[in-house]
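> My questions all concern the structure below.
The values are calculated or read from the model by the stated rules, or taken from the named source; none is laboratory data. Quantities reported herein were computed from a predicted structural model and do not represent experimental measurements. Cβ atoms come from the backbone with ideal geometry, glycine included; neighbour counts cover every protein chain shown.
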Amino acid sequence: MAEIELRGITKIFDKKVRAVNDVSLTIADEEFMVLLGPSGCGKTTLMRMIAGLEYPEAGRVVIGDRDVTDLPPRKRDISMVFQSYAVFPHLTVFDNIAFGLKMQKVNKAEIRRRTEEAAGLVQLSPYLDRYSAQLSGGQRQRVAVARAIVMEPSVLLMDEPLSNLDALLRLNFRAELKRLVADLKTTTIYVTHDQIEAMSLGDRIAVMREGQIVQCGTPMEVYEHPATEFVGGFLGSPPMNFLRVRLETVDGQPRAMLGDHGLPAPATLVDHGSRDVLLGIRAENIEAIPLEGGAAHDGLVSQTLVVELLGSQMLVTGEIGDQQIKVLVRADAPIRAGDALLLRPEADKLRWFDAESGRSIAGSATG
């Protein structure tokens, strides 16, 4: 069993910088957990404390039924894959993968069996006699992964392992990595700033900001129901739109008004009088209709600023008053810069946030 429990972990650098601030998190046995966040949010520092490469000022790290906080890395039954390949150039692929086993003085027959098995899992069997200079970047990263999994660890830690690969290699290796981890059934923690990697790989995502976890959930939970404006803006390409709207009661009905136009709003939001809130809506959840002199009913009227072809879709950037909004439409949609559009967001996809704190307003779902 390799459940990981972090209990109030805190790390302070130079006696003043709180890189990680009172983080508690439980990662289930065999779970693939992604730590996601921008540079400097504390995700790598948190992973290094799990690995034993940094010592926390406060809190405990428990793996399985062992408190490993005071144990060195070699006694934690973990393996780690770093951002840099760290492949030994003077060793063959076989010897690179087998390096850790040789250090543990495992017998030669067992080394060969486990090394060949690990190489097969990452599709390196034909390259065991090659040196790193004869390998592509993707193959070198596979060597680093094989070197980690050959140790048969209880916990596999990965610190942005795909960031040095080009876009096509990342796409291919991401699929291979997901299959590999599913086959290994090893508890895995994966650090990244790439929200696409996080969404595609993780069983759960822990979004970090300024040393704290601001939301943890399945990829769809975090994407569909962000706990804060920051989470909604960090996940998604393009990020979630946020419009500052005025909550009012119009003809007895609650409305979220932006200029002269508005949208139905949850009654719970206007029970306490008029106020400003942030309306969050993703670009793919908005219907865009060319407006040619007709009356605009439920919806928002925008002026098209830019149209970008993305292949199967177009990204339309519009302006509503002094606020911008992005909408994804079909590539053949008859929309051009300068066009007036009626935007109709899907009612059940509207999200509401406090305008000052940026936190999600609970119980505000529409419909």
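> Could you list, in sequence order, all residues of the stretch 208-236 that are of a type in the set (Val, Ile, Thr) and under 16 Å from Thr26 (Cβ atoms)?
The answer is Ile213, Thr218.
> Hey, among the residues in the stretch 245-265 that are out of contact with any Gly (no Cβ under 8 Å at 6 or more places or on another chain) and part of a loop (DSSP other than H, G, I, E, B), which one's surrounded by the most Cβ atoms within 10 Å (Cβ to Cβ)?
Residue satisfying both the conditions and the ranking: Ala265.
> Name the pairs whose Cβ atoms lie under 7 Å apart, with the first residue in the stretch 61-90 and at positive phi, the second assigned to a loop (DSSP other than H, G, I, E, B) and of a type in the set (Asp, Glu), and 6 or more positions between them or separate chains?
Note: pairs meeting the criteria are Gly64/Glu3.
> So which of Leu156, Leu169, Leu184, Leu165 is of a type outside the set (Phe, Trp, Tyr) and closer than 19 Å to Leu53 by Cβ?
Unique residue meeting the criteria: Leu156.
> Hey, another quick one. Would you check if Ala118 is at pLDDT below 90, under 23 Å from Met49 (Cα atoms) and in contact with a helix residue (DSSP H, G or I) (Cβ under 9 Å, 6 or more places away or on another chain)?
no
> If the Cβ limit is 6 Å and pairs must be 6+ apart or interchain, which residue in the stretch 169-182 that is within 18 Å of Ser154 (Cα to Cα) pairs with which residue that is modelled with pLDDT of 85 or more and in a helix (DSSP H, G or I)?
The qualifying pairs are Lys178/Leu201.
> Right, another one. Among what's in the stretch 45-88 and is in a loop (DSSP other than H, G, I, E, B) and at pLDDT below 90, pick the residue that is farthest from Glu116 (Cα to Cα).
Among residues in the stretch 45-88 that are in a loop (DSSP other than H, G, I, E, B) and at pLDDT below 90, the one farthest from Glu116 (Cα to Cα) is Asp65.
> Checking the conditions here, which among Val81, Val93 is in contact with a Phe, Trp or Tyr (Cβ under 7 Å, 6 or more places away or on another chain) and farther than 20 Å from Asn21 by Cα?
Going through Val81, Val93 in turn, just one is in contact with a Phe, Trp or Tyr (Cβ under 7 Å, 6 or more places away or on another chain) and farther than 20 Å from Asn21 by Cα: Val93.
> Conditions first: (1) touching a Phe, Trp or Tyr at 6+ places or on another chain (Cβ under 6 Å); (2) of a type in the set (Gly, Ala, Ser); (3) assigned by TED's automatic domain parsing to the domain that holds Lys11. Gly280 passes all but one, so which condition is the exception?
So Gly280 meets the others, but not (3).
> Let me ask another. In this structure, is Asn96 loosely packed, with under 13 Cβ neighbours inside 10 Å and farther than 18 Å from Ile189 by Cβ?
No; evaluated as a whole, the condition is false for this residue.
> Please go through the stretch 175-213 and give me each residue that is of a type in the set (Val, Ile, Thr) and either part of a helix (DSSP H, G or I) or within 11 Å of the chain's Cα centre (by Cα) (or both), ordered by number.
Hits for the stretch 175-213 are Val181, Val191, Thr192, Ile196, Ile205, Val207.
> Pairs, please: C-beta under 7 Å, at least 6 apart or cross-chain, first residue farther than 14 Å from Gln323 by Cβ and outside the structural domain of Asp348 (by TED's automatic domain parsing) and in the stretch 248-263, second aromatic (Phe, Trp, Tyr) and buried (at least 16 other Cβ atoms within 10 Å of the Cβ)?
Note: no pairs meet the criteria.
> Going by what's in this entry, would Tyr127 be described as farther than 30 Å from Gly232 by Cβ, surrounded by fewer than 21 Cβ atoms within 10 Å (Cβ to Cβ) and in contact with a His (Cβ under 9 Å, 6 or more places away or on another chain)?
no
> Against the definition (under 30 Å from Thr10 (Cβ atoms), out of contact with any Gly (no Cβ under 7 Å at 6 or more places or on another chain), at pLDDT below 90 and not in a helix (DSSP H, G or I)), how does Ser163 come out, yes or no?
So Ser163 fits the description; yes.
> Within 28 Å of the chain's Cα centre (by Cα), at pLDDT 85 or above and crowded, with 17+ Cβ neighbours inside 10 Å, is that true of Leu278?
Yes: the conditions hold for Leu278.
> Same structure again: Mind counting the residues in the stretch 214-244 that are in a strand (DSSP E or B) and buried (at least 23 other Cβ atoms within 10 Å of the Cβ)?
Qualifying residue count for the region: 1.
> Still on this structure, please answer the following. When you check Leu263 against the structure, is it farther than 21 Å from Leu315 by Cβ, in contact with a Ser or Thr (Cβ under 8 Å, 6 or more places away or on another chain) and of a type in the set (A, V, I, L, M, F, W, C), yes or no?
Considered against the rule, which asks whether it is farther than 21 Å from Leu315 by Cβ, in contact with a Ser or Thr (Cβ under 8 Å, 6 or more places away or on another chain) and of a type in the set (A, V, I, L, M, F, W, C), Leu263 comes out as no.
> Something else: Check whether at least one residue in the stretch 190-198 is more than 25 Å from Glu221 (Cα to Cα) and either at pLDDT 85 or above or surrounded by fewer than 20 Cβ atoms within 10 Å (Cβ to Cβ) (or both), and report yes or no.
No: the stretch 190-198 contains no residue that is more than 25 Å from Glu221 (Cα to Cα) and either at pLDDT 85 or above or surrounded by fewer than 20 Cβ atoms within 10 Å (Cβ to Cβ) (or both).
> Which residues, counting only those in the stretch 281-299, are modelled with pLDDT of 95 or more and either assigned to a loop (DSSP other than H, G, I, E, B) or of a type outside the set (A, V, I, L, M, F, W, C) (or both)?
Arg282, Glu284, Asn285
> Just to be sure before I move on: is Pro153 surrounded by 14 or more Cβ atoms within 10 Å (Cβ to Cβ), more than 18 Å from the chain's Cα centre (by Cα), not hydrophobic (A, V, I, L, M, F, W, C) and not in a helix (DSSP H, G or I) in the structure I sent?
yes
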